[in-house]
Amino acid sequence: MRIHSLIVGGGIGGLAAALALARAGHGTDLMEQAPAFDEVGAGIQLGPNVVRRLRALGLGEALEAFVARPERLCVASALTGARIASLPLAGAFEQRYGAPYFTIHRADLHGLLLAAVREQGAEQVAVHTGARIERLSTRGDERVCVASVDGRAWEGDALVGADGVWGQVRPRIWPDALPARPTGHTAFRALLRQDALPAALRSRQVDVWLAPRLHAVAYPVRGGDWLNLVVLAESPAGEAPPDARDWDQASSRAALDRATGHVGQPLRSLLDAVPAWRAWTLCDRPPLTGPQEMVDGRVALLGDAAHPMLPYLAQGAGMAIEDAVALVAQLDGRTPAEVPHALARYAQARWARNAQVQARARRNGRIFHLGGPVRWGRDLAMRFAGPALMDQPWLYAG
Ligand SMILES: Cc1cc2nc3c(=O)[nH]c(=O)nc-3n(C[C@H](O)[C@H](O)[C@H](O)COP(=O)(O)OP(=O)(O)OC[C@H]3O[C@@H](n4cnc5c(N)ncnc54)[C@H](O)[C@@H]3O)c2cc1C
């Protein structure tokens with residue numbers, strides 16, 4: 001029997017869930033607060049664990065038109081530019097994990113998912129924009145209901161909170177849960193046209209530069225035509241993290257300049273080539289402690305709504321997609337009456353992996369940003385055991 005789901009949030013996670021539900025023959029109402037879907041975000045890396053799931057959702061061919069296939073992951077010093085270690089990606093990953101390592105613009109991935117969802121038809125997935133959900137309720141044990149600020153209401157067998165780090169579903173269902181916390185880390189993001197860069201700065205690989213209290217990552221997107229650059233920096237010790245709303249062009253540039261004063265070539269030239277920066281205040285939550293933090297009865301969370309994380313393992317969107325696929329695998333073949341049981345199994349299947357990714361992302365931040373003599377030890381270990389330390393079979397094969 002068909003299950004009817006309500007999905008709050010039309011980001012990567014919400015759309016992936018809507019698509020997976022439609023492919024499995026279930027019906028969905030998806031509510032997105034934005035009046036229209038726009039081109040937000042910057043680059044996203046997609047590990048083979050994520051590409052495999054996107055292929056299973058039928059997006060393999062469509063993805064090929066938008067992604068870049070980085071040749072390798074290369075780690076270097078941000079201070080001197082000296083190479084520390086590298087890991088082959090192209091070819092090697094496909095062989096090892098059965099799927100490649102891609103990089104893509106978030107807007108392209110979002111657009112692909114949205115187009116695939118719309119192809120299912122409004123009977124299968126009804127997408128409601130300008131629908132900011134503010135109230136949730138249940139009707140007996142059998143139905144869940146949501147209402148938007150403008151008075152529209154929807155009812156279904158299951159409710160999926162895919163409404164991101166500041167979403168409304170989590171605090172309504174778990175009023176005592178702590179909100180996400182600012183980490184004191186800021187992401188400064190930029191996109192550069194590769195053909196406008198000097199040849200020496202163009203890139204077909206993922207470059208990571210390490211320095212005390214910051215690191216930077218650059219990789220190609222949009223078939224390699226653009227270079228995505230992000231600098232991830234810690235606030236100076238004792239300084240309060242900036243409020244996300246405070247970032248405008250001028251303050252982003254000023255904060256970026258303060259954070260990167262000690263950076264050398266070639267990263268310095270790349271930073272100087274950026275016409276405009278956008279800053280993000282990074283927030284996360286402690287790793288999940290159990291399935292009870294992801295599901296309550298007929299309500300389930302997925303993606304950043306459930307487990308916001310630092311982007312230092314490049315897997316936030318990846319885990320949202322994994323959640324979506326796992327959720328639908330549990331709902332498949334179930335009746336509406338069996339939804340609570342299916343959601344409980346979903347949370348049981350997902351919480352520990354999400355918690356591990358959250359914890360490893362935090363740990364990567366500590367390692368990437370090491371200063372003093374201990375950073376020499378890190379670099380030495382990476383020189384000798386680089387590929388073994390950089391590859392993540394537990395993650396990519398999962
Ligand atoms: C600098 C940086 C780099 C990153 N790099 C990577 C990477 O390389 N790889 C990767 O996998 N991930 C990466 N991420 C993480 C990734 O972007 C997020 O984890 C992912 O986009 C989360 O998707 P989501 O659908 O869970 O949430 P969101 O994208 O936040 O979507 C939530 C949606 O819900 C809507 N919403 C919120 N409240 C309501 C409401 N009350 N009613 C209706 N709608 C609502 C919002 O408008 C939004 O559209 C990065 C993040 C950052 C900041």
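Nothing in this text is a laboratory measurement; each read-out follows from the coordinates by a stated rule. Just so we're clear, the structure is a prediction, and the values are computed from it rather than from any experiment. Cβ atoms come from the backbone with ideal geometry, glycine included; neighbour counts cover every protein chain shown.
Normalising the Debye intensity of the range 16-85 to I(0), with uniform scatterers on Cα atoms only, and taking log10 at q = 0.17 Å⁻¹ returns -0.90. Protection proxy ranking of 142-150, 352-360, by the mean of other Cβ atoms within 10 Å over each peptide's residues and highest first, is 352-360, 142-150.
Given 37 °C and 0.692 mPa s, how large is the Stokes-Einstein diffusion coefficient of the range 337-392 in µm²/s, with Rh as the Kirkwood radius over Cα pairs? Taking Rh from Cα pairs, D becomes 233 µm²/s.
FRET efficiency for the pair residue 195 and residue 258, taken as 1/(1 + (r/R0)^6) with r the Cβ-Cβ distance and R0 = 30 Å, rounds to 0.45.
Here the range 241-307 is treated as an ellipsoid with the same Cα gyration tensor; its semi-axes, largest first and in whole Å, are 37, 14, 11. As a ratio to 2.2 N^0.38 Å, the alpha-carbon radius of gyration computed for the range 205-340 takes the value 1.37. For the chain, the longest principal axis of the alpha carbon atoms and the long axis of helix 249-259 meet at an angle near 50°.
Using +1 on the beta carbon of Lys and Arg, -1 on that of Asp and Glu, and nothing else charged, what's the dipole of the chain about the Cα centre, debye to 20? Write out the running numbers ahead of the final one.
Numbers: 43 positive and 39 negative charges, 227 e Å.
Roughly 1100 debye for the chain.
Computed from Cα atoms alone, the Kirkwood hydrodynamic radius reported for the range 140-277 is 18.4 Å.
Hey, what angle do you get for helix 339-368 against the long axis of the chain, alpha-carbon based, 0 to 90 degrees rounded to 10? For 339-368 against the chain, the angle is about 10 degrees.
Shape analysis of the range 284-345 based on the Cα gyration tensor places the equivalent ellipsoid semi-axes at 24, 13, 7 Å, largest first. All other residues whose Cβ lies under 14 angstrom from that of residue 398 are scored, Lys and Arg at +1 and Asp and Glu at -1, for a net of +3.
Rounded to the nearest 0.05, what FRET efficiency do residue 126 and residue 374 give with R0 = 45 Å and r taken as the Cβ-Cβ distance? Could you check? About 0.25, to the nearest 0.05. Distance between the 7 Å Cα→Cβ label points at residue 115 and residue 394: 3.8 nm. Projecting each Cα onto the charge dipole of the chain (Lys/Arg +1, Asp/Glu -1 at the beta carbon, about the Cα centre), which of 164, 33, 227 comes out farthest on the positive side? It is 227, whose Cα lies furthest towards the positive end. Using only the C-alpha atoms, the convex hull of the chain corresponds to 137 Å³ per residue. Counting every C-alpha pair in the range 1-157, the share spaced more than 29 angstrom apart comes to 33%. Charging the Cβ of each Asp and Glu at -1 and of each Lys and Arg at +1, and nothing else, the dipole of the range 34-181 about its Cα centre rounds to 540 debye.
Between the range 1-49 and the range 177-212, what is the separation of their alpha carbon centroids in Å? For the range 1-49 versus the range 177-212, the Cα centre distance is 26 Å. Between 0 and 90 degrees, the angle of helix 316-331 with respect to the longest Cα principal axis of the chain falls at about 30 degrees.
When 137, 203 are sorted by how many other C-beta atoms sit within 10 angstrom of their C-beta, beginning with the fewest, the order is 137, 203. The Cα-based radius of gyration of the range 186-233, divided by its Kirkwood radius, gives an Rg/Rh of 0.99. A dipole drawn for the chain from +1 and -1 charges on Cβ atoms has a positive end, and of 136, 104, 18 the residue lying farthest that way is 104.
Here the range 280-398 is treated as an ellipsoid with the same Cα gyration tensor; its semi-axes, largest first and in whole Å, are 34, 15, 10. Of the residues 166, 209, 247, the one with the fewest other Cβ atoms within 10 Å heads the list, and the complete ranking is 166, 247, 209. Building the convex hull from the alpha-carbon atoms of the range 127-175 and averaging its projection over directions returns 3.7 nm². A Förster distance of 30 Å, applied to the separation of the beta-carbon atoms of residue 39 and residue 174, puts the FRET efficiency at 0.40. The local environment of residue 142, defined by Cβ-Cβ distances under 12 Å, has a net charge of -1 under the rule Lys, Arg +1 and Asp, Glu -1. If you run the Gaussian network model on the chain, springs between alpha carbon atoms under 10 Å, then out of 11, 161, 60 the most flexible one is 60. What is the sum of charges around residue 92, taking Lys and Arg as +1, Asp and Glu as -1, for the other residues whose C-beta is under 13 Å from the C-beta of residue 92? Once positives and negatives cancel, what remains is 0.
Separation of the range 94-131 and the range 358-388, taken as the distance between their Cα centroids, equals 34 angstrom. A straight chain from residue 289 to residue 141 at 0.36 nm per residue would run longer than the Cα-Cα distance by 50.7 nm.
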